[in-house]
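Every read-out reported here was derived from the displayed coordinates using simple, explicitly stated rules and does not represent laboratory data. All of these numbers come straight from a predicted model, not from anything done at the bench. Cβ atoms come from the backbone with ideal geometry, glycine included; neighbour counts cover every protein chain shown.
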Ligand code: ADP
Ligand code: ADP
C-alpha cells in the first residue's frame, strides 16, 4: 500500500512542484497520474523510490515512511520504467534483463532462464533476446525495459510515460499487454501520462494533476468520462 500524506516538494530554486498531496495508490492495480506537462506527476512518482525527497509530509509504503532505512533496500522492491528504455547498448537483450537477477545474487544460468521467461511474458522471442538494443524497434525496446523492471520481481512498478515515444498502434498493443500483465502478476503499478485516453484505458484509479497542485481523484475511469 502506497500513501501520500500531505506531501509537498519545493525544489531548491523555489519551484513548488507538489503541494500538500494526499493520495492513496490502488493496491495491486494501476493508478494513473494524468495531467499536462509540469504539474508534478514525475516529481510525485519519484518520491516513491526516493529519487526525489519530499520537503514535508511523507510517502508511506506498507505503513512505513520510504525515507526510513536504506534506499537500496527500498528500491529492490520497486521497478522503474521510463520513456527511454535506457538499455545497456553493448549487452544482448537477454543479458540486459538477466543483469538484474545476477546483481541480486542469482547464478548466471538461473538469471538467463528467468530473463528468457520474462521476455516471453512481454511478447519477445528468443531470437530477439540474442539481438542488441540498437537492432530493436522502439516498441520492442520498451518491452525489454518492462521485462528488466520485472526481473527483480518487485511488488511495485513505477512507469513514467513508458509508451509515449512509440507510435499509436504500438502504444495500444503495449497498453493491452500491460493490462494483461497486471492481471497475471498482480503488481501495484503507478503510471504517469499526459494522455487522457491512456489514463482512462489503463487506470483502476486516476489522479488528475493540474498546475498549482490542484488534484481530482477518480476511483473509476468512467467517472472522468461522465464529467
Ligand atoms: P510533470 O511530470 O507533470 O511534467 P514535474 O514533476 O516534472 O512535472 O515538474 C513539476 C514542476 O517542477 C515543473 O515546474 C518543473 O519545471 C519543476 N521541476 C522538476 N524538476 C525540477 C528540478 N530538479 N529543479 C527545479 N525544478 C524542477
Ligand atoms: P514495433 O511494432 O515493435 O514497434 P516496428 O514496426 O518498429 O516494430 O519494427 C518492425 C520490425 O523491424 C521489428 O521486427 C524490428 O525488430 C525490426 N527493426 C526495427 N528497427 C530495426 C533496426 N534498427 N535494425 C534491425 N531491425 C529493426
- Message: Restricting to bridges with both residues inside the chain, how much of the DSSP beta-bridge set is antiparallel, in percent to the nearest 5?
- Response: 45
- Query: Using the beta-carbon distance between residue 226 and residue 196 and R0 = 22 Å, what value does 1/(1 + (r/R0)^6) give for FRET efficiency, to the nearest 0.05?
  - Reply: 0.95
- Query: For the pair residue 167 and residue 211, what calculated FRET efficiency results from E = 1/(1 + (r/R0)^6), where r is the Cβ-Cβ distance and R0 = 25 Å, to the nearest 0.05?
  - Reply: 0.30
- Message: Taking 2.2 N^0.38 Å as the expected size of a compact globular protein, what ratio does the Cα radius of gyration of region 143-227 give against it, to two decimals?
- Response: 1.13
- Query: When the chain is treated as a GNM, springs tying every alpha-carbon pair under 10 Å, which of 125, 24, 193 comes out with the largest mean-square fluctuation?
  - Reply: 125
- Message: Defining a contact as two alpha carbons under 8 Å apart and six or more residues distant in sequence, what relative contact order in percent does region 1-133 show?
- Response: 20
- Task: Return the FRET efficiency for the residue pair residue 125, residue 68: r is the Cβ-Cβ distance, R0 is 41 Å, and the value is rounded to the nearest 0.05.
- Result: 0.45
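Given the rule -39500 (n - 2.57) for each run of at least 4 DSSP H residues, summed and divided by the residues of the chain, what is its mean residue ellipticity at 222 nm, to the nearest 500 deg cm²/dmol?
-10500 deg cm²/dmol
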- Arranged from highest to lowest average of other beta-carbon atoms within 10 Å per residue, in what order do the peptides 88-94, 157-163 appear? 157-163, 88-94
- When only C-alpha pairs under 8 Å and at least 6 residues apart count, what is the relative contact order of the chain, in percent? 29
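Return 130, 173 ranked ascending by Cβ neighbour count within 10 Å, so the fewest neighbours appear first.
The most exposed by this proxy come first: 130, 173.
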